[in-house]
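The values are calculated or read from the model by the stated rules, or taken from the named source; none is laboratory data. Remember, it's a predicted structure, so these values are computed and weren't measured experimentally. Every residue, glycine as well, gets a Cβ built from its backbone with ideal geometry; the counts of neighbours run over all protein chains shown. Side chains included, ligands, DNA and RNA excluded: accessible areas come from the protein's heavy atoms. Shrake-Rupley method; radii C 1.70, N 1.55, O 1.52, S 1.80 Å.
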Amino acid sequence: MPKIVPGNRLYLYQLLSRELGVGKQTLLPRVEEVLLADGLVPEDLGCDDMRALCEQLGEFIKLTVFKKGYVYATVLANEEYDRALERLASAEKKPAAGGKPWKRAKGAKALKPLKPRHVERVVEPEPEPEVVKEPAVEKNEEAAPEPEPEAAVVPEAAPEPEPEPEPAPEPEPEPEPEPDHVPPISFTITYVPEPGPEPESAPQSDPSPAPEPEPEKAPAPSAAVASRAQSDLPQDFHTDVRCSSEQLSVLYQVLPANVDPMATLEEDFRVARSSGALEGTRSNVTFSLRYLQADGVTPVRVTLRRSARAVAGKRWALTEVDAGATDEVGLEGLDVAAHGPWSAFLRPGDDADPERDFAQTVSLGSREEALERLAGLARPENWGEGLHVLNDYLVMTFTRIRAEGALAVSEDGASARFDTGLVTDDGAPIRADLVAGTGDIPWQLEGFSAGEPAEPARYVTELAQMTLDPTLSTPSFSTLEEVRRNPRLATPAYDPIANEVRLLVPDDGRALALAVTPAGYQVAATLELADAYACARVVSSELPGWLGAS
């Protein structure tokens, strides 16, 4: 049973808010480290583990549990405890009446922090050996019944046949289930052994077994690869990767004529590292290019393999390019995958991609985990399946932040932060904290924090971007008269391609994006409602009903 008195609660609030900060998500093991450093363990307060203790401290600790089992704790401000600590601090500074320090003014007993008492616990795992000996004794007694009491003990001949049943633990080969767990071990063996010829054979034998473990262990390898993105993995294809003419010829055959395959490989690999989109193991990595195969659905896939010995100074090699049926590709080459709700704003020849720019500037590690952390901290709302709306929101917000020069970088350049535009349940602004990267990606996401605000992005610069201005010429659309009579049907949206705000109005089941120009309103693009919702959500959380929620 938990045994936490009010003084203990105040003590823990003072300790954790001081060491972890208020409003900042922290992994649960880090919270336990703070407790251990202070000489305490959860058992001192009657709790089995750190999570159980945090659940008992709900007045100032919020737990957030994500899909993959990550548990984060956020210390929340508690006004009652803050006042108690302030009173205590002021009482210590104020001299006692009459200059007598041992005297204190009488009054109501104030709440004071009380450190829990730590009790050392002794573990005694000794009975186990005795239990192990008993079966052996029973077996000897069972073998002895024929000769009667001591006669069975004197001739040790009877126990000798018995060693056969004892080695009969040859059921050890029978645990055939364990071989199912051997493949992951074999993969580590291909990566660890640095000796000679084995690496050469490994690349040829790996391609077939590689697909087998990937479905089972996809999350783990991806996470491992992402965490080593700035160290072990190649970052410059020209200097780190051997690219055979056979594999490069496939890319030259399928990519558009004006595209440099090496530049594409390097850039797309950087994007995959930044967003945690790599698959495989630390020595066998597969990722997608921005181009789609001839079926218009499947991305071109590329595999890199690491060998134990460097060849021509390079330990990585391009071993496979899966571009589908190359004979079906026309002279113009494969198409780039349409990506993001901003696609409708692209014009012929545009190669801008806000999401790729974001990924090459900020490494999220695991994009899924980062989005879950942000959604868990922010005021709840419908972010769509897989949090895809939140992903687009974060990308477009960062695009605007950079365009406005609102990324706050520390004087030493070691850290930076930006306002996400989101708030917590209590209305506290949420910012993204970044630290300087060590490789070819300038920044790495450290986490999201609530409380101290950063400079938010600004969007609307004139009234005509918020509501239909009747003094400006307007192109005809299906709901023109309705919008004129109900101005709130129109809403601003962000166009990250042009870095401009557009006015959205409903038109035949889609959204018409109007650009404000000196000549009046002009049609900038027509968006599907889901895309229009994402672009409008960046500007405001209050949206007209016709947009719906994705």
All positions within segment 238-270 that are over 32 Å from the mean Cα position of the chain (by Cα), under 25 Å from E332 (Cβ atoms) and open to solvent by 40 Å² or more (accessible area, probe 1.4 Å)
S245, E246, S249, Y252, Q253, A257, N258
Residue count for segment 21-44, restricted to those that are assigned to a loop (DSSP other than H, G, I, E, B), open to solvent by less than 60 Å² (accessible area, probe 1.4 Å) and not charged (D, E, K, R):
5
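State all residues of segment 402-427 that are outside any strand (DSSP E or B), hydroxyl-bearing (S, T, Y) and either under 22 Å from the mean Cα position of the chain (by Cα) or under 16 Å from K24 (Cα atoms) (or both); if no residue qualifies, say none.
Initial filter on segment 402-427 (outside any strand (DSSP E or B)): 402-407, 410-414, 424-427.
Adding the requirement that they be hydroxyl-bearing (S, T, Y) leaves 410, 424.
Selection gives T424 alone.
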A530 vs. criteria touching a residue at least 24 places away in the same chain (Cβ under 8 Å), in a helix (DSSP H, G or I), open to solvent by less than 40 Å² (accessible area, probe 1.4 Å) and out of contact with any strand residue (DSSP E or B) (no Cβ under 7 Å at 6 or more places or on another chain):
no
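Provide a single number: the residues in segment 271-295 that are on the phi > 0 side of the Ramachandran plot, open to solvent by less than 20 Å² (accessible area, probe 1.4 Å) and not in a strand (DSSP E or B).
Let us first name the residues in segment 271-295 that are on the phi > 0 side of the Ramachandran plot, namely 276, 280.
Still in the running and open to solvent by less than 20 Å² (accessible area, probe 1.4 Å): 280.
From the residues that got through so far, the ones that are not in a strand (DSSP E or B) too are none.
Of the residues in that region, 0 qualify.
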Which residue is nearest to M396 (Cα to Cα), if the candidates are limited to segment 420-431 and must be open to solvent by less than 20 Å² (accessible area, probe 1.4 Å) and either modelled with pLDDT under 95 or of a type in the set (V, I, T) (or both)?
T420
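Of everything in segment 357-382 that's in a loop (DSSP other than H, G, I, E, B) and touching a helix residue (DSSP H, G or I) at 6+ places or on another chain (Cβ under 8 Å), which residue is most open to solvent (accessible area, probe 1.4 Å)?
Looking only at segment 357-382, we keep the residues that are in a loop (DSSP other than H, G, I, E, B), and these are 364-366, 378-382.
Applying the additional criterion that residues be touching a helix residue (DSSP H, G or I) at 6+ places or on another chain (Cβ under 8 Å) yields 364-366, 382.
Values: L364: 20, G365: 21, S366: 35, N382: 80 Å².
Among them, the one singled out is N382.
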Note down all Cβ pairs under 8 Å where the first residue falls in segment 357-380 and is under 12 Å from P442 (Cα atoms), the second is of a type in the set (A, V, I, L, M, F, W, C) and open to solvent by 20 Å² or more (accessible area, probe 1.4 Å), and they're at least six residues apart or on different chains.
A359/V271; Q360/V271; T361/W443; V362/W443; V362/L445; S363/W443; S363/L445; L364/L445
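Looking only at residues in segment 5-20 that are of a type in the set (S, T, Y) and modelled with pLDDT of 90 or more, which one is least open to solvent (accessible area, probe 1.4 Å)? Outline the logic, then answer.
From segment 5-20, those of a type in the set (S, T, Y) are 11, 13, 17; that's our starting set.
Now drop any that are not modelled with pLDDT of 90 or more, which leaves 11, 13.
On the way: Y11: 39, Y13: 4 Å².
Selected residue: Y13.
Mind checking which residues of segment 296-341 are of a type in the set (S, T, Y) and not in a strand (DSSP E or B)?
Here is the first cut: in segment 296-341, the residues of a type in the set (S, T, Y) are 298, 303, 307, 319, 326.
T298, T326, listed by residue number.
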Got at least one residue in segment 338-356 being without any contact (Cβ under 8 Å) to a residue 60 or more places away in the chain, surrounded by fewer than 16 Cβ atoms within 10 Å (Cβ to Cβ) and within 27 Å of E446 (Cα to Cα)?
yes
If you check N486 against the conditions, is it among the polar types (S, T, N, Q), over 14 Å from L543 (Cβ atoms) and touching a residue at least 60 places away in the same chain (Cβ under 8 Å)?
no
Looking at this structure, is T298 modelled with pLDDT under 85 and open to solvent by 30 Å² or more (accessible area, probe 1.4 Å)?
no
Mind checking whether some residue in segment 79-89 is open to solvent by 70 Å² or more (accessible area, probe 1.4 Å) and modelled with pLDDT under 80?
no
